[in-house]
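**Q** Input: one structure, supplied below.
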């Protein structure tokens, strides 16, 4: 561009002709053009005001959820110590009946407590846990009896690792505070989550899935569709299960 | 000082002068810019929800355009290096148009970043707590603005000296800045590439090859853009563009495009041959994932365009005709825009780092904002060329009148 | 000579052409011809009208979107004095009350000494019921429309821990499905957080207790952190977040779940504005006062564990010592504070015909 400076002094022939053309061109048909500038811009203004579509944002509301499900209350309220139960609408201590009734055999058909469906794996005998002679107590393997509040020790006899994990906080649920020294710290016991007669956690209805902004239709559940290659890792999951479980 | 202000005023007035084609072009650009401005105002009121972006694909067309344009801006250096280092005379005559392009394009880049911000009103926070040198974005802020200032200085200084019919003080005010600008040009695109390649959570970006590929594609698309621009300048203004300049740029473009294709192949080979899980984004880009394949037609278009451009450039008789060069330039400008804009930004987000697939489609509003910025950039560039050409040709200097002003004086006296 | 002519006439070297398109400077000159004046003013009018039309949407700007001077000058969280923080809290109170018709109880709750929070999640227990997802929304005042959630639960096929194989959108009558396990993902509160590194304005940082927080009043909304996060834990407010006010809830009690939680703090769950990022903060307004995070308390199966890793007796310290824990994407060096673990099989459970009991509705 120092070059172009010199170019001013010795402008080539061609450049002269061109610059002349450039200057002349300013005088040509621009009369009409300048006249049109204002109206054109006014038309644009009108188009913007009247014809421009408003930018829309699609709505993607969080589906309504039942707030009562969002609770920190334990899943179950276990029997107290001493345990009480409702018979014909009246609250009764267990032994009010059981002190009169002769203890039956575990294999017998139940006449009372028919709501109890025992599904505790190998543990299929009432007297494994309930004391035969004092129904307000539980019985340990060594024959000693503990109150219902100590049910943890009963469970711990078989579920040693779970018990160990529970004492360390790796299993179970801790509420109130993460700090052991905090008075609000409380650890739920086994039976506050698990039904001792059927300890498997019952399946739950899941709450609504994500529906985020402009998400579109969700991805297909079967990810094997996304790649044609057969994945040996997924041999036992996608292929078999998805087809059966998918139509829930 | 007064002289300088008068220079600015004359430039300002000159930018309103031209023939009907000039008016039509300027009004057209103004209108598009206004549509873009309108769309941006809607976005300001409603939020970025007016764009097609989502939490899953959180960068889109804006950042894609930004990335592409940083490359175009950096490519000005491909005129500067031959002109100043290798003393190429032909390019020396037109180098200023490349630098002006860099100015206009950097302004477009800054606009694209601004429209992408959720809270542009808090822009000042950049000055109050600048996370430098940790955040690559702060590097980008520095290099982009620095490059803008450098080019503004180089162009402004040259034009003003020519206007005043003064010999520019090359050793002090020109050459050092030109040399800095050369390094700086490489840096703006490298830093922009690092912006992406430094993110470990996005395997599609997390490659060492991203920065070289950026530079290669930039040095193809940028000079291609300049080749077309120079011909437009040659045709519509009084400035003569030597054919030798186009020939040199053609070589630059050919080499750069070849390297770009080579790097692309290297990248594809590594990803696909390895077959790692990381290739999913790339798989999505080139072949789609199941029913999700929005980008597939785009990227293959880009590949076809780029390969055609490459073949055209290597054709034995391509040296003769300008039109072959022009066609391949158009092809590669579009091709690289797709490849580097949409093809580089969007797939990195699909699938998300935790495997969700949500596709991205730009909205009308978003496209309008982009068009508006492009139009505004072209508007700026047109004005800059409109002013620069008469100054360089000696038609507008501090002690002469421009023909248009001459006529007005004549009109007065009559 | 020409120069003198130019200067003599000054800048008023007007002509028809230079002024044609409405350079405002020309239009008021005395010597101007009638036609050029008309053209210039038509051009100028057109230009102004078009410009006004273009920016006309700005009239709909919410008054809250235009920051007043105090808001504009509000300092970065770390630079605010106590008085300035109180003033900021007052402004937030007023704004929340104006917008949501709820008087918030907002404070700036500082980290506790000698505490570093860690989360652990037992994948053997999680059943994918998504209670945590919605409890989190209920606690932390995320936008309900559009939906923003911090926790994603992935339904993982057995046989892999590759999260790309997870299904985010499972819909079943009952969970868990026996052929899947479930993996909730939320902010991992990394010790080497990529999101903090990339933020250009230091709007997000790691607190002494390990929680990565955001100053919602400082974020400029560039979404670089969202791109940087390998766990997809960050969320952006693409529009003004929407929650229901008490009046709306009184009218339609069904939308109770869209309520605003008035217990809030500056760095956690106070309502955000549009255009800023947000993310999980381990419920710091609860946890910094000794409480448990909400997602943990609501978990029906006790899969979630939380505590102070600096306390050797805490649950999480025990878990880190005794369980085989893993983190997601350990190869990235982000050093998450969010650990996953599986239980060993309970030896007595081996003989359990599990499929008989579990998995069926």
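No lab work stands behind these numbers, since they all come straight from the coordinates. Just so you know, these numbers come straight off a predicted model, no measurement behind them. Glycine gets a Cβ as well: all are built from the backbone with ideal geometry, and neighbour counts include every protein chain shown.
**Q** Where does helix B:136-163 land angle-wise versus the long Cα axis of chain B, in degrees 0 to 90, nearest 10?
**A** Relative to chain B, helix B:136-163 is tipped by roughly 20 degrees.
**Q** Arrange the peptides B:224-230, B:397-403 so that the one whose residues have, on average, the most other Cβ atoms within 10 Å appears first.
**A** B:224-230, B:397-403
**Q** Using the beta-carbon distance between residue A:79 and residue A:59 and R0 = 51 Å, what value does 1/(1 + (r/R0)^6) give for FRET efficiency, to the nearest 0.05?
**A** 0.55
**Q** Principal axis lengths of region B:151-296 from Cα atoms, whole Å, largest first?
**A** Ordered largest first, region B:151-296 gives principal extents of 65, 33, 24 Å.
**Q** Let me ask another. Set the Förster radius R0 to 25 Å, insert the Cβ-Cβ distance between residue B:149 and residue B:9 as r into 1/(1 + (r/R0)^6), and round the FRET efficiency to 0.05.
**A** Once the sixth-power term is evaluated, E becomes 0.65.
**Q** Between 0 and 90 degrees, rounded to the nearest ten: what's the tilt of helix B:364-392 against the longest Cα principal axis of chain B?
**A** 30 degrees
**Q** Let me ask something else about it. Of all beta bridges DSSP finds with both residues in the protein assembly as shown, what is the antiparallel percent, to the nearest 5?
**A** 80 percent
**Q** Could you tell me the largest-minus-smallest coordinate of the C-alpha atoms of region A:67-193 on each of the three principal axes, in descending order and whole angstroms?
**A** The principal-axis extents, from largest down, are 48, 35, 24 Å.
**Q** Related question: So what is the calculated 222 nm ellipticity per residue for chain B, using -39500 (n - 2.57) for each DSSP H run with n of 4 or more, over all residues, to the nearest 500 deg cm²/dmol?
**A** Value at 222 nm, helices only: -23000 deg cm²/dmol.
**Q** Moving on to the next point. What is the ratio of the Cα radius of gyration of chain B to 2.2 N^0.38 Å, with N the residue count, to two decimals?
**A** Here the Cα radius of gyration is 1.03 times the empirical estimate.
**Q** Moving to a separate point now. Calculated FRET efficiency, residue C:58 and residue A:43, Cβ-Cβ r, R0 25 Å, to nearest 0.05?
**A** 0.70
**Q** Once you average over the residues of B:168-177, how many Cβ atoms of partner chains fall within 10 Å of each Cβ?
**A** What the average comes to for B:168-177 is 1.
**Q** Rank by packing, highest mean first: peptides C:244-250, B:53-59, B:135-141, with packing defined as the count of other Cβ atoms within 10 Å averaged across residues.
**A** Ranking, from highest mean packing down: B:53-59, B:135-141, C:244-250.
**Q** Using a simple spin-label model with points 7 Å from Cα along the Cα→Cβ vector, what separation in nm is obtained for residue A:68 and residue B:323?
**A** If labels sit at residue A:68 and residue B:323, their model points lie 8.0 nm apart.
**Q** Give me A:115, C:209, C:65 ranked fewest to most by other Cβ atoms within 10 Å of their Cβ, as a rough exposure proxy.
**A** In increasing order of surrounding Cβ atoms, one gets A:115, C:65, C:209.
**Q** Per residue, what volume in Å³ does the convex hull of the Cα atoms of region C:117-349 enclose? Could you put the intermediate results ahead of the total?
**A** Working: hull volume 32.9 nm³, N = 233.
Roughly 141 Å³ of hull volume per residue.
**Q** I've got another one for you. If all Cα-Cα distances of region B:213-285 are sorted into 5 Å bins from 0 onward, what percent lands in each bin, rounded to whole numbers?
**A** 3, 16, 18, 14, 13, 11, 8, 6, 5, 4, 2, 0
**Q** Here is a further query. Starting with the fewest neighbours, write out A:197, B:317, C:180, A:130 ranked by other beta-carbon atoms found within 10 Å of each beta-carbon.
**A** B:317, A:197, A:130, C:180
**Q** With the convex hull built on the Cα atoms of region C:212-340, state its orientation-averaged projected area in nm².
**A** With the hull built on Cα positions only, its mean projection is 10.3 nm².
**Q** Rounded, prolate or oblate for the protein assembly as shown? Axes are the square roots of the Cα gyration tensor eigenvalues, ordered a ≥ b ≥ c, and the cut-off for rounded is a/c under 1.5.
**A** Cα axes put the protein assembly as shown in the prolate bin.
**Q** I need B:269, C:338 ordered by Cβ neighbour count within 10 Å, fewest first.
**A** If I rank by nearby Cβ atoms, fewest first, I get B:269, C:338.
**Q** For n ≥ 4 DSSP H runs only, could you compute -39500 (n - 2.57) per run for chain C, divide by its residues and tell me the 222 nm figure to the nearest 500?
**A** -8000 deg cm²/dmol
**Q** Right, another one. How high is the relative contact order of chain B, in percent, with contacts defined as C-alpha pairs under 8 Å that are six or more residues apart?
**A** 29 percent
**Q** Please figure out what share of the DSSP beta bridges in chain C is antiparallel and state it in percent, rounded to the nearest 5. Let's see the in-between values first.
**A** Working: 21 of 28 bridges.
Percentage antiparallel, nearest 5: 75.
**Q** If you split all Cα-Cα distances of region B:27-137 into 5 Å bins from zero, what percentages do you get per bin, shortest first?
**A** Histogramming region B:27-137 at 5 Å steps yields 2, 10, 14, 17, 18, 14, 10, 8, 5, 3, 0 percent.
**Q** Using Cα atoms only, what is the angle between the long axis of helix C:82-100 and the major principal axis of chain C, expressed in degrees (0 to 90) to the nearest 10?
**A** With both axes taken from Cα atoms, the answer is about 90 degrees.
**Q** Measure off 7 Å from each Cα along the Cα-to-Cβ vector at residue B:371 and residue A:93, then give the distance between these two points in nanometres to one decimal.
**A** 8.7 nm
**Q** Would you mind checking region C:260-293 for residues with the amide N under 18 Å from a putative spin-label position 7 Å along Cα→C-beta of residue C:66?
**A** Under 18 Å, as judged by backbone N against the label point of residue C:66, lie C:274 of region C:260-293.
**Q** Separate question: Name the most mobile residue of B:262, B:127, B:173, meaning the one with the largest mean-square fluctuation, in a Gaussian network model of chain B with Cα contacts below 10 Å.
**A** B:127
**Q** Enter the per residue convex hull volume of region C:138-203, computed from alpha-carbon coordinates, in Å³ rounded to the nearest integer. Mind dumping the intermediate values first?
**A** On the way: hull volume 10.5 nm³, N = 66.
Hull volume over Cα atoms, normalised by residue count, gives 159 Å³.
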